[in-house]
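The values are calculated or read from the model by the stated rules, or taken from the named source; none is laboratory data. Since the model is a prediction, treat every value here as computed from it, not as a measurement. Note: ideal-geometry Cβ built from the backbone for every residue, glycine included; neighbour counts use all protein chains shown.
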Amino acid sequence: MMLKVRGVTCSVAALASLISAGCGLDQPPCADIRGQFPLAESALALTKNALLLRAGDGFVLAGFDGTAVRWGQLSGMGELTAESTFVLPEQPATTTGGQPLGPVFAVTQKSTPGDQLVAAVGVLQTGTTDRYEIHAYIHDLGSTEAPTMRTLGESFAAAPTSGTIRLAASSSPAGTVALVVWGVEGQRAPISFQVLGADGVPIGELQKLLNDDPNNVPLWSCVDATQNGSSLAITLVEAPNSAHPDQPAWIRYGVTDNGGIGETDEFELKADVSDCRIVSAPGLDSSYLVAWQNNSPRGGTYFAVMYPAPDAGADDAPQVTSSLVLSSEPFGGYSQMPRLAWIAPAKYEFTIGLVRTNGPEVVRFNAYADPRGQALHLPSVSGHVGPVSAWVDPDAAWVTYLDMKGSSAPGDAAVSADSTRLLVQVTPASIL
């Protein structure tokens, strides 16, 4: 059953998760659908795991079907242009845990924002069984030629008993430079990163190390390359240590125009991060929003808002407000809890995007973790959708996913030709 509230569609099932927290059906919706754009049918639009990247005034959509990379430029009205395809020359390596190492995507500018795609993959070094290399393939929009390849830095070791290999990529919101980040969890190994310009040319020195002292690296996890705000950043979760002995910490390293590390922000988390379910985005007044999920018996979804320390002294700490906002219990436990897709500002409140098989759900809270308005369920005719990718602007979240129809079902590798990819613009509702 579906309800129409103020012109937006909300499912009764989606609302039920917040009713127990005091969100009644008589409340206004927590967010509005500003625009809902179905993409014309194409091979790229039907690629299940397509990723949304900001590139200047528009977007780039990129995905991998197991053999070929498909990508193209996407307007804010859902118009997909200059769709390009190339066969990935190397299959990503698969670790002993079944984890494929890419491809991960970013864009650069050759002539216009986002007119080159960077597809980064981890591959085994020739003649080895435990040494990996990161290869970046650069492809021009509309080109029928094979992509060019660059090796990013030196090979690294990752034995079967080592921690998870992390590989991430993103681009500047302007769509001009790309960032690739990689490392191995659980080894106290330094994190490597590289900033790439047009044609994949490295900006600054080749293969930088994030840690100032590579011989004294704290345990880290969940490293990611973020595309938000006005620049690039690297984020990670650092295990408790002498600097923060009681709790893990979230750290954001700003990336400068010359490819170095700039301003760093850090604060302790109220609970550990499980399965790297963590998202972040800029808030208002130079703040940052972070949401994450924890699988402890009394866990669920947490949020934090961090305001930078005033410029009164080097020892000033950021101002942080943090709380549990969604318990996992109403969902039947952590294993049944929807995964996080994004967090976005809603003036001085915030919204969280959750991934449900029947469509993304938006929930809203204030800084005191009080629910605000009804949950908003994004549209799906079929009732089950593919992976969700989102980009957060200061005043809206842009979300894309496949409405999977016909023979398609959650978990299927194939996608039915009558499925539809949607681009949805979600804005905070006015709640008095």
| What tally of residues in the stretch 161-191 results from selecting those that are crowded, with 19+ Cβ neighbours inside 10 Å and of a type in the set (S, T, N, Q)? | 4
| note | Scanning the stretch 385-399 residue by residue, those more than 16 Å from residue 351 (Cα to Cα) and out of contact with any Gly (no Cβ under 8 Å at 6 or more places or on another chain) turn out to be 386, 387
| Members of the stretch 206-251 that are part of a strand (DSSP E or B), of a type in the set (A, V, I, L, M) and within 22 Å of residue 307 (Cβ to Cβ) | 232, 233, 234, 236, 237, 249, 251
| said: Here is a check on your reading of the model: is residue 254 small (Gly, Ala, Ser), without any contact (Cβ under 8 Å) to a residue 24 or more places away in the chain, part of a strand (DSSP E or B) and out of contact with any Leu (no Cβ under 7 Å at 6 or more places or on another chain)? | reply: yes
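Would you check if there is a residue in the stretch 298-305 being under 30 Å from residue 206 (Cβ atoms) and among the basic types (Lys, Arg)?
No: zero hits.
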| Within the stretch 89-107, tally of residues that are surrounded by fewer than 19 Cβ atoms within 10 Å (Cβ to Cβ) and within 16 Å of residue 140 (Cα to Cα) | 1
| message | If I ask for residues that are more than 18 Å from residue 222 (Cβ to Cβ) and surrounded by fewer than 22 Cβ atoms within 10 Å (Cβ to Cβ), which ones from the stretch 267-300 would you list? | response | 282, 284, 285, 286, 287, 297, 298
| field | Lone unmet requirement of (1) under 15 Å from residue 214 (Cα atoms); (2) surrounded by 21 or more Cβ atoms within 10 Å (Cβ to Cβ); (3) modelled with pLDDT under 90 for residue 158 | value | (1)
| query | Among the residues of the stretch 48-82 satisfying the criterion of being surrounded by fewer than 18 Cβ atoms within 10 Å (Cβ to Cβ) and charged (D, E, K, R), which is farthest from residue 414 (Cα to Cα)? | reply | 57
